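Worksheet for the structure shown next.
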Amino acid sequence: MSKMTPQEMAARIGGGLLSFPVTPFNADYSFDEATYRANMDWLCGYDVAGLFAAGGTGEFFSLTPSEVPHVVKIAVDETKGRVPVLAGTGYGTAIAREIAVGAEKAGADGLLLLPPYLTHAEQDGLAAHVEAVCASVKIGVIVYNRDNAILQPDTLARLCDRCPNLVGYKDGIGDIELMTRVYTRLGDRLTYIGGLPTAETFALPYLDMGVTTYSSAVFNFVPEFATRFYAAVRRRDHQTIHAGLKDFILPLIAIRNRKKGYAVSIIKAGMKVIGRDSGPVRPPLTDLTEQEIAELAALVAKLPQAAAQQAAE
């Protein structure tokens, strides 16, 4: 079980870059533990403040409730305390609580509570859902504000009063007014995480709103680029940021936007490009075409350090 307090975990992840490792699968879609261990060990060698096992990029939605704690345990075992490991949880309240308890037993330092599956609900219902998950564990919980689970500032404030281990807020909708109202209301009571797809695009303006960290999916396969970009954001180096957006992030987004579900698929493709093939995405997602993988490989090859890493593999 985690030795970090929820507040210690929140402070730790708020001070650096975060990432969501992919969950490797074999050709038959079974969990590829050996590749996952190798990937986690490799990623720990870079300057990362936290790794989210079985998160969105880790295909949480395609894992069974029993698979999630198993994936988390492997992540905890392999990282060996080098970085905090947080676990995804979600679906309806009963399932979310079950996964949360299993992840805590597996050694997770915290949880990311993803939106409930499909169901839309009023603020009181969403609050009851979040409170039930928080009450089921002692580790820190981060709520993911997106899709059908958008908590308003008053609701968040009540939850913060009732749930001491609610320590983080991840924004996945890009509503600047709402983000400003949340931060103004709650200040440093929470750690704020940028969680929009390809968060690098929004990182600089969000920093000015108190969002000190974000989840970088591309860290999975170009960690050198991702950490350099994050450092540029923190020092507000506009020239480096805009060059990174122009030369890599925006062309990657152009490929990602071609098909639904490619936000995850393109990261798995990136792993293949650098020689760390982590298998296919599970249905209903679909993999990139060979032509699209070639386009992605050309983008990666233009990043000098990433290309060097690929050659070294």
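DSSP beta bridges in the chain, what fraction antiparallel, as a percent rounded to 5? Don't skip to the answer; put the middle values down first.
Working: 2 of 27 bridges.
Approximately 5 percent, going by the DSSP bridge assignments.
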Query - Whole-number percent relative contact order across the chain, with pairs defined as alpha carbons under 8 Å at least 6 apart - result: 18
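May I ask for the net charge around residue 124, where only other residues with Cβ less than 12 Å from the Cβ of residue 124 are counted and Lys, Arg are +1 while Asp, Glu are -1?
Numbers: positive: 158; negative: 122, 131, 154.
After counting each charged neighbour, the total is -2.
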**Report entry** Rounded to the nearest 20 debye, dipole of segment 6-223 from Cβ charges on Lys, Arg, Asp, Glu
**Finding:** 440
Requested in this report: Read phi for every residue in segment 278-291 and hand back ³J(HN,Hα) as whole Hz from Karplus 6.51 cos²θ - 1.76 cosθ + 1.60, θ = phi - 60°, with x for Gly and Pro.
Outcome: 10, x, x, 7, 7, x, x, 5, 10, 7, 5, 6, 4, 5
Report summary line: In order over segment 203-208: 3J(HN,Hα) from phi, Karplus 6.51/-1.76/1.60, θ = phi - 60°, whole Hz, x for each Gly or Pro, gives 4, 5, x, 5, 4, 5
Query raised in the report: Rounded to the nearest 500, what is the chain's calculated 222 nm mean residue ellipticity when only DSSP H runs of at least 4 contribute -39500 (n - 2.57) each, over all residues?
Result: -14000 deg cm²/dmol
Query raised in the report: Which of the cysteines found in the chain have nothing to pair with, since no other Cys Cβ lies under 4.7 Å from theirs?
Result: 44, 160
Requested in this report: Determine, for each peptide in 118-125, 50-57, the mean count of other beta carbons within 10 angstrom over its residues, then list the peptides with the highest first.
Outcome: 50-57, 118-125
Query raised in the report: Can you list the lysines whose alpha carbon sits under 25 Å from that of residue 302, skipping same-chain ones fewer than 8 residues off?
Result: 246, 259, 268, 272
Report summary line: Among (1) 22.7; (2) 19.4; (3) 20.2, the entry matching Kirkwood radius over Cα pairs in Å as calculated here is (2)
Report summary line: Restricting to lysines and to Cα separations under 18 Å from residue 105, and discarding same-chain partners fewer than 8 apart, the set is 3, 73, 80, 138
Query raised in the report: Once phi is turned into θ = phi - 60°, what whole-Hz ³J(HN,Hα) does the Karplus curve with 6.51, -1.76 and 1.60 give for every residue of segment 20-29, x standing for Gly and Pro?
Result: 10, x, 5, 9, x, 10, 6, 4, 8, 6
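The numbers here are math on the coordinates, done by the rules we state, and not lab data. None of the values given here were measured: they were computed from a predicted structure. Positions of Cβ are generated from backbone atoms using ideal geometry, with glycine treated the same way; all protein chains shown enter the neighbour counts.
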